[in-house]
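Colleague: Here it is: the structure, laid out below.
Values quoted throughout were computed directly from the atomic coordinates according to the rules given, and no laboratory measurement underlies them. A quick note: this is a predicted structure, and the numbers were derived from the prediction, not measured. We place every Cβ from the backbone using ideal geometry, glycine too, and count neighbours over all the protein chains shown.
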Amino acid sequence: MKMVINMDNQLVIRNIKDFEPKHTFECGQCFRWNRQLDDSYTGAVRGHVFNISKENGSIIVKSDMPDPEEILLDYLDLQTDYSTIKGELSKDPIMSKAIDYGYGIRILKQEHWECLASFIISANNRIPMIMRSVENIARDFGKPIEFNGSTYFSFPPPEVIVDVNEDRLTLCGVGFRCKYIKHAARMVASGEVDLNALENMDSGSARGELMKIPGVGPKIADCVLLYSYGKSDVFPTDVWIKRVIEVLYFGREAKLPEIQEFARRKFGSLAGAAQQYLFYYARENKIGSPERK
């Protein structure tokens with residue numbers, strides 16, 4: 001049973017299992033968290049700044065807001081029983097190794113628009129460059145947030161990006177993705193794509209809505225559905241994860257539809273969690289494709 005205590009200007013969430021900040025914030029699902037010298041992580045979430053560490057089984061949270069409990073319980077997916085998820089997936093010996101390595105991964109519930117924009121930026125990109133571009137956009141067009149003597153920035157809403165000159169947006173390091181970010185912002189701001197409506201759609205229908213946006217293919221759409229909507233039956237598949245499945249399971253080359261069908265049959269409603277454990281395990285151990293760090 002979790003126990004939440006507000007004390008000494010910080011939030012302490014006790015008795016938390018299956019969460020390690022490094023695993024969760026460095027597994028490739030998010031781009032706004034930075035590791036500090038004391039091994040804590042600081043990031044901007046939903047217009048606020050949080051510093052998160054883990055000590056003796058408890059999550060220690062410092063923030064610019066007085067009571068961050070409601071946001072963090074949802075954002076960190078602390079209501080989900082990951083022990084059960086891991087127990088089910090670990091029946092497969094390959095998954096068991098991956099889970100042992102990334103045992104502290106939790107799938108975050110990120111803000112819809114920021115997640116969409118971030119994964120548009122992720123196309124054919126490396127994680128440090130994605131993080132830099134996302135941070136540049138927040139710094140140049142977001143609102144400042146003061147925390148612990150430093151200034152952080154919220155990610156700007158689509159209505160702001162619509163009015164940003166493309167040359168200025170390109171200077172943030174997004175390259176050819178600039179036109180896709182602008183187009184996505186216009187479609188979301190106008191209501192042509194209603195991101196909130198995707199909450200109540202099945203994964204297939206929600207994927208179809210996201211793919212109306214130029215530059216959003218199945219992989220980017222599935223990333224958004226998993227990392228923002230918690231639709232755990234999706235299995236984001238790019239060249240990297242394709243190669244991981246080929247090496248760990250097939251022992252041969254396979255086409256993307258075959259990988260998707262395998263994941264659907266093998267992992268079912270837990271496919272999203274399986275993808276995260278496999279991705280982190282393979283990337284950190286250089287299994288499959290060249291490392292994308």
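Colleague: Once you have the Kirkwood Rh of the stretch 7-79 from its Cα pairs, apply Stokes-Einstein at 20 °C and 1.002 mPa s and quote D in µm²/s. Walk me through the numbers before you get to the answer.
Modeller: On the way: Rh = 12.5 Å.
Rounded, D is 172 µm²/s.
Colleague: A further question on this structure: Most exposed first by the Cβ proxy, i.e. fewest other Cβ within 10 Å, how do 250, 31 rank?
Modeller: Fewest-to-most Cβ neighbours within 10 Å comes out as 250, 31.
Colleague: Find the eigenvalues of the gyration tensor of the Cα atoms of the chain, then list the square roots of 5 times those eigenvalues as equivalent ellipsoid semi-axes, largest first, in whole angstrom.
Modeller: Details: eigenvalues 154, 138, 60 Å².
Working through the eigenvalues yields semi-axes of 28, 26, 17 Å.
Colleague: Further question on the same structure: Taking only C-alpha pairs under 8 Å that are 6+ residues apart, what is the relative contact order of the stretch 112-227 in percent?
Modeller: 29
Colleague: With a cut-off of 8 Å between alpha carbons and a minimum separation of six or more residues, what is the relative contact order of the chain in percent?
Modeller: Computed value for the chain: 18 percent relative contact order.
Colleague: May I ask for the net charge around residue 141, where only other residues with Cβ less than 10 Å from the Cβ of residue 141 are counted and Lys, Arg are +1 while Asp, Glu are -1?
Modeller: +1
Colleague: I need 58, 150 ordered by Cβ neighbour count within 10 Å, fewest first.
Modeller: 150, 58
Colleague: Going by how many other Cβ atoms sit within 10 Å of their own, how do 71, 245 line up, fewest first?
Modeller: The most exposed by this proxy come first: 71, 245.
Colleague: Using a 10 angstrom cutoff on alpha carbons, build the Gaussian network for the chain and name the most mobile of 59, 130, 121.
Modeller: Maximum fluctuation in the GNM of the chain, among the listed residues, is at 59.
Colleague: Hey, another quick one. Tell me the volume per residue, in Å³, of the convex hull enclosing the alpha carbons of the stretch 112-227.
Modeller: 107
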